[in-house]
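The values are calculated or read from the model by the stated rules, or taken from the named source; none is laboratory data. Computed from a predicted structure; not experimentally measured. Virtual Cβ from ideal backbone geometry, glycine too; neighbours counted across all protein chains shown.
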Ligand code: SF4
């Protein structure tokens, strides 16, 4: 079978032009995909998890009913459970996770807290002039990548949306676009750019503020390792372009000033709109991390780091975000779904997951499942089950199923756990 | 011991991304993620050659990884996201929810010690007091 226009759910680009060729129960070929995506589709059956429970210090295989029952028991008994993950699954599963959190009075957080959490905090502070990737493709003549590396993290972003495609008002493709890369080190993305600006590590806030001052006509001198002439030259380009866009990544959210870095970038773009049309977009990482914010917002009012212990949702990053809850050793049980905190959290935070009963729902064996009390395997959203995912610019796309799976989708697993908790 | 101070940054690499999908317990994953990228002059300074082992230490922890020459400024070193970099990062988010994944002060020195395997990393996490 050949399936056309399949959505790849690996990164926030959610490319929706993938062609998947199946032969019986296996994926034989993938077209239009980048290296990550090929690896994901072709290796989907590798390294799959089993239903496991830790008994006498060892994970042993159990029937699904036992794993679900035990998981429900743990969550029911816990005084301060944590539900975390949600970025690599589809929106129905995300919604069920919120329902479960409300039912058991849990804290619920998604991987946003360790990627673009600071971005959301900044947007809540001062708003953002965003646009869709389609608008970038059809209109943008100045594209600035700041603290991100799409050439290695969002591989097809350049060809589908931001650098080479020809669109309605961008008929000349690459030639008609000026590309700028601002980062602390030269990467493959710098090679795709016309101008590379090297900023000193941790000094983005200063540089962004200098740009804002320069836009207002001040002479700012050399800032954060960037010569005054470069700043003046770039500000001229920003003010005179027809449609500018800044794409920014974790280089802003993960360093020193965090949300204040993003705040400065959002305000720079706001200032630039006095001169021309300018927009700004975060480079969201995991396939449906953007959806986890949307789903949590429409269900609870808040995008991440929400606590239900009072029976109603309370939002506070730093207090109810997963790394903090774990580092303070507050939770007494954890349900990790569609993410791998042991691979991504500071070791000091992961350590608490070893001490408490941790339940992992994931298609694959991951590092968190190695320390879990219960492992429940699931179908891969967008390959083995359908659903909806949100692209990095907030556009929802429908995921299709291309191959049958012996495993249940995340949403079904959560539904069964909810039934058992209620029973 | 010859060590040097650097600013440690962690981030995504293509190899890390692809090997993620091969499985995190695979050898490819360790080979591609348990590495640190440094400026060639910094490598000379600590007496480490391509693919030799170095110990990276911060206030929060340490790990042994292989070093690789890269076009990066002196005084900066880069590690792919993953459990080895995580050993070096503080869980204190200063009330933001976000740890300082990029921009931690670290000391790097050449070493004869083995690179930690995934199993070692898990053991180390279990031992944290
Ligand atoms: S760029 Fe991202 S969404 Fe597109 S094919 Fe590659 S991994 Fe998938």
Inset, instruction - Kindly indicate whether any position in the range A:291-299 is crowded, with 20+ Cβ neighbours inside 10 Å and either free of Cβ contacts under 8 Å to residues at least 60 places away in the same chain or in the same structural domain as residue A:122 (by TED's automatic domain parsing) (or both). - result: no
Legend entry - Positions within the range B:102-115 being within 11 Å of chain A (Cβ to nearest Cβ) and closer than 25 Å to residue A:353 by Cβ, in sequence order: B:102, B:104
Inset, instruction - Search the range A:4-25 for residues that are within 14 Å of chain B (Cβ to nearest Cβ) and under 14 Å from residue A:381 (Cβ atoms) and pair each with any residue that is more than 6 Å from the ligand (Cβ to nearest atom) and not in a loop (DSSP other than H, G, I, E, B) when their beta-carbon atoms are under 6 Å apart and the residues are at least 6 apart or on different chains. - result: A:8/A:18; A:9/A:389; A:10/A:40
Legend entry - Failed condition for residue A:82, given (1) outside any helix (DSSP H, G or I); (2) within 13 Å of the ligand (Cβ to nearest atom); (3) buried (at least 18 other Cβ atoms within 10 Å of the Cβ): (2)
Inset, instruction - Select, from B:88, B:43, B:98, B:38, the only residue that is within 12 Å of chain A (Cβ to nearest Cβ), modelled with pLDDT of 95 or more and away from the ligand (no atom under 16 Å from the Cβ). - result: B:38
Legend entry - residue A:75, sole failed condition from (1) in contact (Cβ under 8 Å) with a residue 40 or more places away in the chain; (2) in contact with a strand residue (DSSP E or B) (Cβ under 7 Å, 6 or more places away or on another chain); (3) within 16 Å of the ligand (Cβ to nearest atom): (3)
Inset, instruction - Output the number of the condition that residue A:108 fails; it satisfies all remaining conditions of (1) within 14 Å of another protein chain (Cβ to nearest Cβ); (2) more than 16 Å from the ligand (Cβ to nearest atom); (3) assigned to a helix (DSSP H, G or I). - result: (3)
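Here is a yes/no grid of residues against (1) crowded, with 24+ Cβ neighbours inside 10 Å; (2) under 14 Å from residue A:265 (Cα atoms):
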residue	(1), (2)
A:118	yes, yes
A:124	no, yes
A:130	no, yes
A:134	no, no
A:139	no, no
A:147	yes, yes
Inset, instruction - Looking at (1) touching a helix residue (DSSP H, G or I) at 6+ places or on another chain (Cβ under 8 Å); (2) part of a strand (DSSP E or B); (3) over 30 Å from residue B:125 (Cα atoms), find the lone condition where residue A:398 falls short. - result: (1)
Legend entry - Total residues in the range B:17-31, condition surrounded by fewer than 22 Cβ atoms within 10 Å (Cβ to Cβ) and within 12 Å of chain A (Cβ to nearest Cβ): 6
Inset, instruction - Please state which of the following conditions residue A:94 fails to meet, knowing it meets all the rest: (1) away from chain B (no Cβ under 12 Å); (2) in contact (Cβ under 8 Å) with a residue 40 or more places away in the chain; (3) within 16 Å of the ligand (Cβ to nearest atom). - result: (3)
Inset, instruction - Run residue B:54 past the list (1) buried (at least 23 other Cβ atoms within 10 Å of the Cβ); (2) within 14 Å of another protein chain (Cβ to nearest Cβ); (3) at pLDDT 95 or above and report the number of the one that doesn't hold. - result: (2)
Inset, instruction - Tell me which residues, restricted to the range A:1-45, are over 16 Å from residue A:399 (Cβ atoms) and touching a helix residue (DSSP H, G or I) at 6+ places or on another chain (Cβ under 6 Å). - result: A:35, A:36, A:39, A:43
Legend entry - Some residue of the range A:214-221 being under 26 Å from the mean Cα position of the chain (by Cα), surrounded by 20 or more Cβ atoms within 10 Å (Cβ to Cβ) and in the same structural domain as residue A:136 (by TED's automatic domain parsing): no
Inset, instruction - Please give the strands (runs of 3 or more DSSP E) falling wholly within the range A:12-67 in which 3 or more residues are within 16 Å of the ligand (Cβ to nearest atom) and within 28 Å of the chain's Cα centre (by Cα). - result: A:18-23, A:26-31
Inset, instruction - Tell me which residues, restricted to the range A:1-11, are touching a strand residue (DSSP E or B) at 6+ places or on another chain (Cβ under 7 Å) and more than 9 Å from the ligand (Cβ to nearest atom). - result: A:1, A:2, A:3, A:4, A:6
Inset, instruction - Considering every residue within the range A:262-274, establish whether at least one is closer than 22 Å to residue A:390 by Cα and within 14 Å of another protein chain (Cβ to nearest Cβ). - result: yes
